[in-house]
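Novice: I am attaching a structure below and will ask some questions about it afterwards.
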Amino acid sequence: MKPYVLIVEDDRSLTELLAYNLDDAGFRTHVVSNGEEVVPTISEEPPDLVILDWMLPNLSGIEICRQIRRNEVTKGMPVIMLTAKGEEADRIRGLDTGADDYVVKPFSPSELIARIKAVLRRTNPEKSADMLEFEDIVMNLEEHRVTRNNRSIHLGPTEFRLLRVFLERPGRVFSREQLLDRVWGRDIYVELRTVDVHIRRLRKALNASGGADLIRTVRAAGYSLDHPIS
């Protein structure tokens, strides 16, 4: 599953450059140009990392970073600040606000991508891990294999990607729309009921040997991978 990066920047030429290079490097991106849109966008689908410009219309990057850090749900979300301010005092202020890294304009896209990968390795190690585990389910990303209770589970490509989304964030409820975006991609039209079809296939494969059903259906909300109800 491609790491999702939210780009918060009001310079259109720069956002186009960043989106192109990040997409080419294997990231999924979304762009927001107005500071007041950031928190609602994050609430709708939390990104794996935020690229945040210091100077934004209506709400500064510094204040947005403070809001991210004050929120219990998003306080651990990685943030990289972009700014034309290169003085040491400005860098210290940005880092003190809670940013994980600080990049001064102008910069090369390859440098920023290297910084992003380094921050993700440090703050979100499961994104670079070869194994994802929950209860008795183990996914080996390098070998593209899934086992449950040490028994091999055969999954189709879509079910594999779907399970990976759940394993990366156990307990989180994903709406059908969010699963469509993460598994199929924003640019592909797929009906919502298609998600239900693949959830049923995934459940059938995981529960074939009689294990507890770990995929929880949340009425009017979506699905999550969760501990069985005792």
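The values are calculated or read from the model by the stated rules, or taken from the named source; none is laboratory data. As the structure is a prediction and not an experimental result, all values here were calculated from the model. A quick note on method: Cβ atoms are made from the backbone with ideal geometry, for glycine too, and the neighbour counts reach across all protein chains shown.
Novice: Condition check: touching a strand residue (DSSP E or B) at 6+ places or on another chain (Cβ under 9 Å), assigned to a helix (DSSP H, G or I), of a type outside the set (Ser, Thr, Tyr) and touching a residue at least 12 places away in the same chain (Cβ under 8 Å). Does residue 202 satisfy that?
Specialist: Yes, satisfied.
Novice: Okay, moving on. For residue 228, indicate whether it is modelled with pLDDT under 90, more than 20 Å from residue 44 (Cβ to Cβ), touching a Ser or Thr at 6+ places or on another chain (Cβ under 9 Å) and assigned to a loop (DSSP other than H, G, I, E, B).
Specialist: no
Novice: How about region 64-82: which of its residues are over 24 Å from residue 113 (Cα atoms) and either of a type in the set (D, E, K, R) or in contact with a strand residue (DSSP E or B) (Cβ under 8 Å, 6 or more places away or on another chain) (or both)?
Specialist: Just the residues of region 64-82 that are over 24 Å from residue 113 (Cα atoms), to begin with: 67, 70-73.
If the condition is that a residue be over 24 Å from residue 113 (Cα atoms) and either of a type in the set (D, E, K, R) or in contact with a strand residue (DSSP E or B) (Cβ under 8 Å, 6 or more places away or on another chain) (or both), then 70, 72 are the ones that fit.
Novice: Next question, about the same structure. Output the qualifying pairs, or none if there are none: Cβ atoms under 7 angstrom, residues six or more apart or on different chains, first residue in region 39-59 and within 21 Å of residue 119 (Cα to Cα) and in contact (Cβ under 8 Å) with a residue 40 or more places away in the chain, second residue of a type in the set (Gly, Ala, Ser) and assigned to a loop (DSSP other than H, G, I, E, B).
Specialist: Once the first residue is within 21 Å of residue 119 (Cα to Cα) and in contact (Cβ under 8 Å) with a residue 40 or more places away in the chain and sits in region 39-59, its partners that are of a type in the set (Gly, Ala, Ser) and assigned to a loop (DSSP other than H, G, I, E, B) give 54/60.
Novice: Checking residue 161 against (1) outside any strand (DSSP E or B); (2) modelled with pLDDT under 85, which single condition isn't satisfied?
Specialist: That leaves (2) as the condition not met.
Novice: Which strands (runs of 3 or more DSSP E) sit wholly inside region 20-137 and have at least 2 residues that are surrounded by 15 or more Cβ atoms within 10 Å (Cβ to Cβ) and modelled with pLDDT of 85 or more?
Specialist: Ranges flagged: 28-32, 49-53, 79-83, 101-104.
Novice: Also: Quick test of your reading of the structure: residue 11 fulfils all but one of (1) in contact with a strand residue (DSSP E or B) (Cβ under 7 Å, 6 or more places away or on another chain); (2) more than 13 Å from residue 113 (Cα to Cα); (3) touching a residue at least 40 places away in the same chain (Cβ under 8 Å). Name the failing condition by number.
Specialist: (1)
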